[in-house]
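Below is one structure; the comments refer to it alone.
The values are calculated or read from the model by the stated rules, or taken from the named source; none is laboratory data. Small disclaimer: the values here were computed from a predicted structure and weren't measured. All Cβ positions, even for glycine, are placed from backbone atoms using ideal geometry, and neighbour counts span all protein chains on display. Remember, those area values only see protein heavy atoms, side chains included, never the ligands or the DNA or RNA. Shrake-Rupley method; radii C 1.70, N 1.55, O 1.52, S 1.80 Å.
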Amino acid sequence: MLSRTLRSARWAAPLRVTANSYATARRTVTTDAASAHAEKSAVPAEDDKQFTVSLSPESFENYKIDGPSTELSVSKNELKEMYLNMVTIRRMEMAADKLYKEKKIRGFCHLSTGQEAVAVGIERAITPEDQVITAYRCHGFALMRGASVKSIIGELLGRRDGIAFGKGGSMHMFCKGFYGGNGIVGAQVPVGAGIGFAMKYMGRKNTTFALYGDGASNQGQVFEAYNMAKLWDIPVIFACENNKYGMGTAANRSSALTEYYKRGQYIPGLKVNGMDVLAVKQASAWAKEYTTSGAGPMVMEFVTYRYGGHSMSDPGTTYRTREEVQRMRSTQDPIQGLKQKILDWGIVSEEDIKALEKQAKQMVDKEVKEAEEAPFPESSPGNLFEDIYVPGSEPDFMKGRTLEETHYYSKKA
């Protein structure tokens, strides 16, 4: 009976696809990092004065909602700061790459080279009181949320001065308003919904960005978080960083629907050019305004690309060609795209660009050196058992493997 059903199904008529739905399916958001436009004559002389930039009409795709305007206001100072931010992240990740190859960094190490526009654009659209949680490709987000290069590299090196005191490594970095850095695929998404719920419960007009990759998009807990967030109209932005590959698997081989911004079904969605920092900024600001207005959650998809492998142990060339990577580097790079625009618009000169790049290099090199010279954590029970409980809430003792390893907390008066 079953085999007969399967055989007959092969000859069943396909579902009818209308011309309109076919056209919609074929639409794609550009990944051109230099697609924005501004009239050079309209750029003010003052560094802090706003002027209008026009994004490409292909910067966004909307689902069940009218999306953001393609016109945004920005100042010369903001543009220079965004360029400096992206260059700093790139140099920091390159330093981590070098240290890993020198065997000074061990274990897992996931770099975001190529995806800098997402972290920088989001941070430029929110405030320190908004919240961010992401997966294990987290170094750039930690830096943008306020961590120092020294604390990030120190953590990768396992030093006491690391952001998690050398205990967390590449995947576990935390600072105020930033909840990691999470190693379990997709597990940060329901946590992000919970952080958003806390914002609503406390009556705060803040949003939460819960970021995950296309490789995590099929996790059941992601959809459970969607459902709960919509039921309670939680101010949370579920943001998929679609870099085209989940580990070594292309998105179209793992996902029946690769339009991740439509995955919320009953939640509005927005697809964004994740290689253009200006498009990311505009979309993120709009999503924040939407979610904090009481309208409920939003699903976003940032179309981006990573130049390296999934992690440092992955060469990244067994499932894609070197030509593909080189093409993205040479034609779609977020840093080079913004550089081209600010030069064209007369925001900076070539000498200014060199000065910004030198500033980033000197700062990163200095803090990497300090991180390398920092001490390792002392091998002591005190270090081992700290930070398990909120200070002041510790029990009298914690059991070790044996009775002799029992650790007693000293109570402060």
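Take every Cα pair under 8 Å in segment 213-296 that's 6+ residues apart, average their separations, divide by the length, and report that relative contact order as a whole percent. Let's see the in-between values first.
Working: 70 pairs, mean separation 32.0, N = 84.
Rounded, it is 38 percent for segment 213-296.
When DSSP assigns beta bridges and you keep just the ones with both residues in the chain, what percent turn out antiparallel, to the nearest 5?
Numbers: 15 of 36 bridges.
Close to 40 percent.
What distance in nm lies between label points placed 7 Å from Cα along the C-beta direction at ASP365 and ALA250?
4.1 nm
For GLN265 and ALA198, FRET efficiency with R0 = 30 Å and r from the beta-carbon atoms, rounded to 0.05?
Numbers: r = 25 Å, r/R0 = 0.83.
The calculated FRET efficiency here is 0.75.
Test of understanding: what is the full-extension gain from SER293 to THR321, defined as 0.36 nm times their sequence separation minus their Cα-Cα distance? Display every interim value, and only then the final one.
Values: separation 28, 0.36 × 28 = 10.08 nm, distance 4.46 nm.
5.6 nm is the gain from fully extending SER293 to THR321.
Of the cross-linked pairs LYS176/LYS361; LYS40/LYS358; LYS49/LYS98; LYS103/LYS167, which ones have a Cα-Cα span greater than 29 Å in the structure shown?
Table pairs above 29 Å Cα-Cα are LYS49/LYS98.
So what are the ³J(HN,Hα) numbers for segment 399-404, from phi and the Karplus equation (6.51, -1.76, 1.60; θ = phi - 60°), rounded to whole Hz, Gly and Pro as x?
Values per residue, Gly and Pro as x: 6, x, 5, 10, 4, 5 Hz.
Counting only Cα, what are the radius of gyration and maximum Cα-Cα distance Dmax of segment 77-191, in Å?
Just the Cα atoms of segment 77-191 yield Rg and Dmax of 13.4, 39 Å.
Assuming a viscosity of 1.306 mPa s and a temperature of 10 °C, what translational diffusion coefficient in µm² per second does Stokes-Einstein assign to segment 317-358, Rh being the Kirkwood radius over Cα pairs?
Working: Rh = 11.9 Å.
Here the translational diffusion coefficient equals 134 µm²/s.
Based solely on its DSSP helices, what 222 nm [θ] is calculated for the chain when runs of n ≥ 4 H residues each add -39,500 (n - 2.57) and the sum is averaged over all residues, nearest 500 deg cm²/dmol? It would help to have the intermediate numbers written out before the result.
On the way: 14 runs with 159 residues, N = 413.
The per-residue figure over the chain is -12000 deg cm²/dmol.
Measuring with a 1.4 Å probe in the full set of protein chains, what accessible area per residue, in whole Å², belongs to segment 139-223? Write out the running numbers ahead of the final one.
Working: 3040 Å² over 85 residues.
That works out to 36 Å² for each residue.
Can you list the residues, at least 5 places off or on another chain, whose amide H is less than 5 Å from the amide H of TRP232, using H built in the peptide plane?
So TRP232 has HN proximity to no qualifying residue.
Which distance in nm do the two modelled labels at SER54 and LYS354 give, with both placed 7 Å along the Cα-to-Cβ direction?
3.4 nm
Between MET94 and SER410, what's the calculated FRET efficiency when r is the beta-carbon distance and R0 is 35 Å? Round to 0.05. Mind showing how you got there, number by number?
Values: r = 43 Å, r/R0 = 1.24.
E between MET94 and SER410, to the nearest 0.05, is 0.20.
Looking only at SER56, SER255, SER35, which one moves most when the chain is put into a Gaussian network model with springs between Cα atoms under 10 Å?
Greatest mean-square fluctuation among the candidates belongs to SER255.
Taking 25 Å as R0, compute the FRET efficiency from the Cβ-Cβ separation of LYS399 and PHE376 and round it to 0.05. Could you put the intermediate results ahead of the total?
Values: r = 26 Å, r/R0 = 1.03.
Efficiency, rounded to the nearest 0.05: 0.45.
What percentage of the solvent-accessible surface of segment 134-264, computed with a 1.4 Å probe over protein heavy atoms, is contributed by carbon and sulfur atoms? All intermediate terms of the calculation are to be shown ahead of the outcome.
Working: 2840 of 4930 Å².
On segment 134-264, the fraction of accessible area on carbon and sulfur atoms equals 58 percent.
Among SER69, SER254, SER380, determine the one that fluctuates most according to a GNM of the chain built with springs between C-alpha atoms less than 10 Å apart.
Answer for the Gaussian network model of the chain: SER380.
Would you look at the GNM of the chain, springs on alpha carbons closer than 10 Å, and say which of TYR389, TYR226, TYR319 moves the most?
TYR389
So how far apart, in nm, are the two label points at ASP47 and ASN227 if each is 7 Å from Cα heading toward Cβ?
My value for the distance between the label points is 5.3 nm.
Test of understanding: what is the full-extension gain from SER69 to HIS37, defined as 0.36 nm times their sequence separation minus their Cα-Cα distance?
On the way: separation 32, 0.36 × 32 = 11.52 nm, distance 1.39 nm.
Residue separation times 0.36 nm, minus the Cα-Cα distance, leaves 10.1 nm.
Going by Cα centres, segment 105-132 and segment 331-388 are how many Å apart?
12 Å
How big is the chain along each principal axis, measuring the range of its Cα positions in Å and listing the largest first?
74, 73, 49
Roughly how far apart, in whole Å, are the Cα centres of segment 276-297 and segment 74-88?
20 Å
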